[in-house]
Structures are given as C-alpha cells and as structure tokens.
Amino acid sequence: MTMPQNNTHQTVDCSEPLRDAVIAVLRGIHDPEIPVNIYDLGLIYRLDIDDDGNVAIQMTLTTPACPVAESMPCQVECAVREAPGVRSVRVELVWDPPWTRDRLDDFTRLELGLL
C-alpha cells in the first residue's frame, strides 16, 4: 500500500468531534528525541475512524533504530483509547515510506529552527 509522501494526514468516515479528539490526543504524545508531538512531526501516516468509533492508525518513527520502537505504538494505542467516543484502537507501525523532514509543516520547521 502506498502511503502519502507529504504532511497530509488522511482521515475518513468519522465525525468531526471524534476526529478532533483523537488528533488532540496524538498531539499530546511527544517524540522523546525531538521536542514536537507525533502528529505535527508527521509520524501519523494514516488515521481512519469509522462511524462506530473504531480507530485505525498507521504510524512510523523517525528511524527504525528509535529507542521507543517497541513502546511507542502501545503508548499511542492506550492514549487514543481514552478519548471519549473511541470504541477500539489498532496501531500499525510502518516503515515505508521512511520518515523524512519533508513531512514537517513550515510551522514545525520554524519551531525546530530548520527554516
């Protein structure tokens, strides 16, 4: 499956309040090595929420050697599960395409001093 190469987060089949709640939770989880949340860092490749509140997330990490590679998906799953209206959560860690700085939006690049 080809995932988006840019910083566009995909969301389908969900109500706006639940989508906003899930994104707020994702923005509360920070990468341990970069002082930016995982959503704005572009680590969330796909976010699908159905009408029953079932959430499916495809995410990556900045590198496969990331020290939180084993724990981060579980952390994301547990945090999103606590959002009001979420029935179930499935998090899949993917490595293709590899994460690059191109996934950062201009605001995040400025925040990190990359502009």
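Only the coordinates and a few stated rules stand behind these numbers; no lab work does. If you're wondering where the values come from, they're calculated on a predicted model, not measured in any experiment. We place every Cβ from the backbone using ideal geometry, glycine too, and count neighbours over all the protein chains shown.
One table, with the values for the structure above:
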read-out: Order of 55, 25 under a 10 Å beta carbon neighbour criterion, fewest first; value: 25, 55
read-out: For the stretch 49-115: rounded, prolate or oblate by the Cα gyration tensor [a/c cutoff 1.5]; value: prolate
read-out: Theoretical gain in end-to-end length, residue 95 to residue 78 [0.36 nm per residue, Cα-Cα removed]; value: 4.0 nm
read-out: Angle in degrees between helix 72-81 and the longest Cα principal axis of the chain, rounded to the nearest 10; value: 40
read-out: Which of 34, 29, 49, 57 has the fewest Cβ neighbours within 10 Å, and the rest in rising order; value: 34, 29, 57, 49
read-out: Low-density loop cleavage sites - GluC sites (Glu not before Pro) in the stretch 77-115, where at most 14 other Cβ are within 10 Å (DSSP); value: 82
read-out: Cα gyration tensor shape of the stretch 44-86, rounded if a/c is under 1.5, else prolate or oblate by comparing a/b with b/c; value: oblate
read-out: For the chain, calculated [θ]222 nm from helices alone, where every DSSP H run of n ≥ 4 adds -39500 (n - 2.57); value: -7000 deg cm²/dmol
read-out: Contour minus Cα-Cα distance for residue 87 and residue 102 (0.36 nm per residue); value: 2.1 nm
read-out: The chain: angle of helix 16-27 to the longest principal axis, Cα-based, in degrees nearest 10; value: 40
read-out: Sparsely packed chymotrypsin sites (Phe, Trp or Tyr not before Pro) within the stretch 75-115, loop by DSSP, other Cβ within 10 Å at most 13; value: 95
read-out: Three-way shape call for the chain based on the alpha-carbon gyration tensor, with the a/c threshold at 1.5; value: prolate
read-out: FRET efficiency, residue 20 to residue 110 (Cβ-Cβ, R0 22 Å, nearest 0.05); value: 0.40
